[in-house]
Each structure stands twice: as C-alpha cells, then as structure tokens.
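What follows is one structure encoded as structure tokens, with my remarks underneath.
The values are calculated or read from the model by the stated rules, or taken from the named source; none is laboratory data. Note that the structure is predicted; figures quoted are calculated from it, not measured. Note that each Cβ is placed from the backbone with ideal geometry, even for glycine, and that neighbours are counted across all protein chains shown.
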Amino acid sequence: MGEIDARTLFAHAAKAIAARERIKFVFTRCLSDALSAIVRWGASHGLSRDDLSFLDWDSIRASRHQAIMDDMDRHYLGLADQARRSMDAAHALRLSHILLSGRDIHVATLNRSVPNFIGLGHATGAVVRLSANTPSTIQVQGRIVCIENADPGFDWIFTKSPGALVTQYGGANSHMAVRCAELGLPAAIGAGEQIYRRVSHAHHVELNCAEKILRPIEAA
C-alpha cells in the first residue's frame, strides 16, 4: 500500500466514523423495536417491564411452541421472582475484580480504581444520581451528575447543561468519555466502586480534571 497524505487519512477516518455510527444506529433501532414488541407481549400477559427484565429469551420463546401448564402470567411471574431471588443472593457475594486462585473467593481484595479524567476543566456543585428509571425531567443543570455506566442512553443529560459527569464504570474511549471531550464537559469516567459510592452519596463534590481531583466537599 502506498503512502497517503494527511488529508486523505482524515477523509478516510471521517467516512469510517460516520459508517460506524450509522451501523450502531441501525442496530440499536432494530433492537429497540424488538424490545418494544416484548414489552407489548408482556403487557398482554400482565407482566411489567421490571418482570420482563428478569426473564431470559429462551423462556419467552418457549411459550410459542410449548404448552404452559399454568396461567401464563402466574408462570412467568414465578420465573421472574425466582430470578430476583437468585440476583439478591449473587449481590450478597463480594469477589475480587480478578480471581487468580480459590483463595480469592474467600478473601476478596478490591483495588482502588483511578478515574479517567476528561479534559482540564473544573466543577463544583450539588450531586444528582441517575438510574435507568430516572425521568428526563430531573434537574441536572449545573450539578455533578453521577451514573453507574457510561451508557449512550443518558445522552439526554447533555441537553440539560450539567456541571460535570462522574461514572462508576467506563474507559477513556467510552461513549460518554468521547461526548464529554467533544462538549468540553469535566468528567471522571470509570471512578470505580469505592470512589463512586463515596462521591455519589455526597451532597456536594469537587471535580478538578487538571489536578486529577475528585472529592466530596461540605456544602457552602
């Protein structure tokens, strides 16, 4: 392959990025339609979105070719309750981030993560925690927004003028990290469980990306 100049390289990169984003859009659009269809199916059998979140696809698909020996809603509500209990039991276990031997199951070591600080900005403000069930009407303007995952589903927060963003999970190249860099929004992506828990439960937080500082502070 011959040499290419910078203009050609950037033109190729622009095309590749646009194509990647289009593929992601088409895929997530189809996935959204499929999930909406499952929600409608669940509603017809008395199942909420929360109930459906605890069912696997195989058990849902089985109803199309296997007779359910109980009422449909009672059958699937029972499966959902069983899955909830299993999840509660799993959350009671604390394991190391990396398992190297059987000893790590009995003695869990949680290493302190180092957040990925995006940009050089500085922000101080009240904390607001968001989850998948948080309505988009919540007040985030000027606040330190805390979310567990750097999920594209939270893109709406960028239209609400947040002061900064902190996530528990995610890397320097994650979707939210890229969006914050584009918008010049101070962010600490992938702060880890320990730091995130302390920060997200504080009333006010300081984030100084230039100095790599993320800490709770007393309210003014």
Being over 15 Å from the mean Cα position of the chain (by Cα) and surrounded by 15 or more Cβ atoms within 10 Å (Cβ to Cβ) is the filter here, so list the residues in the range 159-179 that pass it.
LYS160, PRO162, GLY163, ALA164
Out of (1) of a type in the set (A, V, I, L, M); (2) assigned to a helix (DSSP H, G or I); (3) within 27 Å of THR28 (Cα to Cα), what's the single condition that is false for VAL199?
(3)
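Which residue out of GLY142, GLY184, GLY192 is touching a residue at least 60 places away in the same chain (Cβ under 8 Å), small (Gly, Ala, Ser), under 15 Å from GLY121 (Cβ atoms) and surrounded by fewer than 21 Cβ atoms within 10 Å (Cβ to Cβ)?
GLY184
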Kindly evaluate GLU148 against the criterion of being surrounded by 15 or more Cβ atoms within 10 Å (Cβ to Cβ), among the acidic types (Asp, Glu) and over 13 Å from the mean Cα position of the chain (by Cα).
no
Is one or more of the residues making up the range 54-63 surrounded by 11 or more Cβ atoms within 10 Å (Cβ to Cβ) and at pLDDT 90 or above?
yes
Just checking, does the range 44-58 include any residue being among the small types (Gly, Ala, Ser), free of Cβ contacts under 8 Å to residues at least 40 places away in the same chain and at positive phi?
yes
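What residue, of ILE68, ILE38, ILE4, ILE17, is surrounded by 10 or more Cβ atoms within 10 Å (Cβ to Cβ) and closer than 30 Å to PRO186 by Cβ? Let's see the steps before the verdict.
Values: ILE68 fails: closer than 30 Å to PRO186 by Cβ; ILE38 fails: closer than 30 Å to PRO186 by Cβ; ILE4 fails: closer than 30 Å to PRO186 by Cβ.
Of the residues listed, the single one that is surrounded by 10 or more Cβ atoms within 10 Å (Cβ to Cβ) and closer than 30 Å to PRO186 by Cβ is ILE17.
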Conditions (1) farther than 26 Å from GLY190 by Cβ; (2) within 22 Å of the chain's Cα centre (by Cα) -> ILE60 fails only (2)
